[in-house]
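Worksheet: one structure, shown below.
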Amino acid sequence: MMPRIQPVNAETVDSATTTLLGAVEKKMGRVPNLIATMAHSPAVANAYLGFSQSLSTGTLPARLREQISLVVGETNGCDYCVAAHTALGKGAGLSEKETCDARRAVASDEKEGAALEFARKIVAERGVVSDADVQNVRAAGYTDGQINEMVANVALNIFTNYFNHVAETEVDFPAAPELATV
């Protein structure tokens, strides 16, 4: 599949975009196609990077944020995000099995599982979750602030999922493993 929107050419962009891409490369070691494609509008790329950075300072651990990214990507059928967050999830301490489980909203840890099921429901129900859904995630031990962060992480990932669907961003991460048919 050919991308509908190509990544920017780093050699032909303005100085502000060059600075933005340089900062991403310094932090990540490279500029993923997602960000290089967003960089056609530095406002979009900066919004994504700022939202992501802000959420990284919250109380949800990186491991759970990656699991949420995986369940949202899988629910929305975003191959780019599933591949990216499989790789990033491994960097956050997830095993390959745990990355696959997260895509199904499953975790060996009951508390993580409750968060993943809640994230899946947010996507599937377009945010219109029930009182029982909120109560279940609270009963698992999450605070209202952490529930807010879950919603924000879901929203961030819906943005990238939809962006990749529209742009048909070329996947530049190793492919995620196929999920076994249950």
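Cys residues of the chain that find no other Cys beta carbon under 4.7 Å: C100. Which of these, D109, D101, D79, has the largest mean-square fluctuation under a Gaussian network model of the chain (Cα springs below 10 Å)? Residue with maximal mean-square fluctuation among D109, D101, D79: D109. Principal-axis analysis of the Cα atoms of the chain puts helix 110-124 at an angle of about 60° to the longest axis.
Each other residue within a Cβ distance under 14 Å of V31 adds +1 if Lys or Arg and -1 if Asp or Glu, for a net charge of -1. Comparing Cα centroids, region 102-116 and region 149-178 end up 19 angstrom apart.
Relative to the dominant Cα principal axis of the chain, helix 144-167 is inclined by about 40°.
Just so you know, all these numbers are worked out from the coordinates, no wet-lab data involved. Note that the structure is predicted; figures quoted are calculated from it, not measured. Positions of Cβ are backbone-derived with ideal geometry, glycine not excepted, and every protein chain shown enters the neighbour counts.
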